[in-house]
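What follows draws every value from the coordinates through simple rules; no lab data is involved. Quick caveat, the model's predicted, so the values are computed rather than measured. Methodologically, a virtual Cβ is constructed for each residue, glycine included, from the backbone with ideal geometry; neighbour enumeration extends over all protein chains shown.
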Amino acid sequence: MTDERTQGTDFGQRQRVQKAPDIQTSQQLQQVQQQGAVVCPNCGAMNAEDAQNCVSCGAHLKGAVCPHCGCAIDADADFCEVCHHYIRKDVCSFCGSPLRQEDSFCPECGSPRGGIVCPTCHTLNDFAFCKQCGTPLTDEARLLLAQVKQMPEYQEMVKLAREYDELTMEQPYETERDASRDLAMQQFRERVLRLLAQDNGIASPIIPKVEKMRMSKEELKAKKNEKLEQLAALLEKMQIPSSPSPVHVRNYAMAQKPAGVRLAWVCNWKHAMHSSPCGCAKPQMGGKWVILGKGSKQEIKDDL
């Protein structure tokens, strides 16, 4: 049978290992830095500089916490996906330029630290494009959008999105009676135009055909699916690779976002779906826009 005093001693030793020291003297910290070691925030043990986990208690050594909500975040993240705050104090969230602690406005782009209210939908934003409606909010964002609009891929994407949007406004035939009534109206139109032309002395008038004819539900659905497939292939082609600057990736992705279709941003970090790259903690790893169908139940990490 184990001695109670021994049990108490073992428990006390475990407590000393698990509890981090409250105070580190400057001499101790200097010694740790000189040795190139990392102090575990959980138990105070010293670890090798490249260690990912503490050798004593196993705690993660490379993480960080959000200064706003205290949730754990990756050390190289600049955005907290829990409380939806931009967390970097040394980098402008609008243009990616360095900031000093005392700067209230970015010395490069002039944007305020507190964010910009979108003039279109009145949403407060930490980034250069409105996360709600996509409006460019800075001069650099407007210039970037103008440059992206000149790209052949973007122009084709806008064309497909517009064609799809027009199809969503179409009213298909509900019954065969609707089709018969529509055909009768077309014939009546041609007869009236022919009579009017003959009254003006034109014996054999050329009657212009109606460019757009109503379709059945099946035909309309097939055409809409065709446009969505073409648009999805183009978005796949335009996916954004990794980049050193998360700010630049966010801005470029928002500049290339097409209107008229329901989209989500899939990041390369966790392969999670976001409403936009403005809600991703590590957009520097790249990602792409994907199309969400009507009534889609795919989960989106909503950052709005």
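Structural remarks
- Net +/- balance of residues flanking Lys282 in space, Cβ distance below 10 Å, scoring K and R +1, D and E -1: -3
- Translational diffusion coefficient of segment 160-204 (Stokes-Einstein, Kirkwood radius from Cα pairs, 4 °C, 1.567 mPa s): 98 µm²/s.
- Based on the Stokes-Einstein relation at 10 °C and a viscosity of 1.306 mPa s, and on the Kirkwood radius from alpha carbon pairs, segment 143-229 is assigned a translational diffusion coefficient of 97 µm²/s.
- Positive-end residue, segment 187-297 charge dipole about Cα centroid, Cβ charges, pick of His271, Met285, Ser242: His271
- Between Asp74 and Ala45, full extension at 0.36 nm per residue minus the direct alpha carbon distance yields a gain of 8.3 nm.
- Distance-filtered residues of segment 258-275 - backbone nitrogen under 15 Å, label point 7 angstrom along Thr168 Cα→Cβ: 258-264
- Stretching the chain fully between Gln198 and Lys89 yields a gain of 31.4 nm (0.36 nm per residue, less the alpha carbon separation).
- Under a 5 Å amide H cut-off, with hydrogens placed 1.01 Å from N, Ser56 pairs with nothing among residues at least 5 apart or on other chains.
- Derived scalar couplings between HN and Hα for segment 286-291 equal x, x, 7, 7, 10, 8 Hz in order, rounded to whole Hz, by the Karplus curve 6.51 cos²θ - 1.76 cosθ + 1.60 (θ = phi - 60°), x for Gly and Pro.
- Model label sites at Val117 and Ala232, defined 7 Å from Cα along the beta-carbon direction, differ in position by 4.1 nm.
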